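The values are calculated or read from the model by the stated rules, or taken from the named source; none is laboratory data. If you're wondering where the values come from, they're calculated on a predicted model, not measured in any experiment. Cβ placement follows ideal geometry from the backbone for every residue including glycine, while neighbour counts extend to all protein chains displayed. Heavy atoms of the whole protein, side chains included, go into the accessibility calculation; ligands, DNA and RNA do not. Shrake-Rupley method; radii C 1.70, N 1.55, O 1.52, S 1.80 Å.
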Amino acid sequence: EPQPLPLLALVGEPVARAVLQLHLDHGVSFHLGRSVLAVEGAGRVERLVLDDGTQLACYLVVVGIGVTPQTGWLEGSGVALDRGVLCDAKLATNVPNVVAAGDVVRWPNAAVGGELMCVEHWSNAVEQGAAAAARLLEGEAAPAFSHLPYFWSDQYDRKLQCTGRVRADDSCELVNGGLDRPSFAVLYARAGRVTGVLTSNAPAVFLRARKLLAEARSVDEARKMLA
């Protein structure tokens, strides 16, 4: 992991430390602040070489490095492109009667303050499909599409769930449980506005979190709702 903690850019330092400890408790070894220089082997993978010279023997490598939207086939079509297919709030492109849906779409998402973004999640793609069809059928009368991002991850006996648009520099406050316990909830905020909530083994709290983010509650109200 090139960062000093796993998931640091996604969940912030306090939760990243809790995730690190969870894996350490289950016997996982980490090489933090390190990058892979080479994958070596004769006919098959046998080792990784890290940027500090460390060699790790292995027989399987899983690579997760993100994605690049495949929009090359649309170049020259007239459809506006910028790290995805650019759409308005109703998923219409700049070309009349052409809409888009799915991971490749960048649109102003009202659920996170109108930020121009892609959401690479199956639930967003399903909802966008219906919204794009509505735009074709109803024209400008169709409603704007918004989607509150969320993800979950099952790690050992923990279910981590996060909703909102969290950044590494957001403030992070524990509002329920404890980071050294299986169950907890943390509240993220930026400039006095709630930006996200992450929970561990707290499904009821997570449901309240999605409600408060959808209703744009204040930080004080969020604390009370999640306690």
So, in region 99-158, exactly how many residues are under 17 Å from the mean Cα position of the chain (by Cα), part of a loop (DSSP other than H, G, I, E, B) and closer than 19 Å to Leu86 by Cβ? 11
Search result, residues across region 100-158 that are under 30 Å from His23 (Cα atoms), open to solvent by 40 Å² or more (accessible area, probe 1.4 Å) and among the hydroxyl-bearing types (Ser, Thr, Tyr): Tyr150, Tyr156
Selected residue (only one of Leu32, Leu48, Leu91 is at pLDDT 95 or above, over 29 Å from Ser146 (Cβ atoms) and crowded, with 18+ Cβ neighbours inside 10 Å): Leu48
Determine whether region 69-77 contains at least one residue that is loosely packed, with under 13 Cβ neighbours inside 10 Å and part of a strand (DSSP E or B). no
Only one of these is part of a helix (DSSP H, G or I) and β-branched (Val, Ile, Thr): Val175, Val186, Val205, Val194. Name it. Val205
Scanning region 159-195 residue by residue, those of a type in the set (Ser, Thr, Tyr), in contact with a Ser or Thr (Cβ under 7 Å, 6 or more places away or on another chain) and open to solvent by 40 Å² or more (accessible area, probe 1.4 Å) turn out to be Ser183
Of all residues in region 103-112, which are touching a strand residue (DSSP E or B) at 6+ places or on another chain (Cβ under 8 Å) and in contact (Cβ under 8 Å) with a residue 24 or more places away in the chain? Val104, Arg106, Trp107, Asn109, Val112
State whether the residues of region 178-185 include one that is within 21 Å of Glu120 (Cα to Cα), basic (Lys, Arg) and modelled with pLDDT of 90 or more. no
Out of the residues in region 1-58 that are within 22 Å of the chain's Cα centre (by Cα) and either in a strand (DSSP E or B) or free of Cβ contacts under 8 Å to residues at least 24 places away in the same chain (or both), which is nearest to Gln155 (Cα to Cα)? Leu20
Please give the number of the condition Pro96 fails out of (1) out of contact with any helix residue (DSSP H, G or I) (no Cβ under 6 Å at 6 or more places or on another chain); (2) open to solvent by less than 70 Å² (accessible area, probe 1.4 Å); (3) more than 30 Å from Leu212 (Cβ to Cβ). (2)
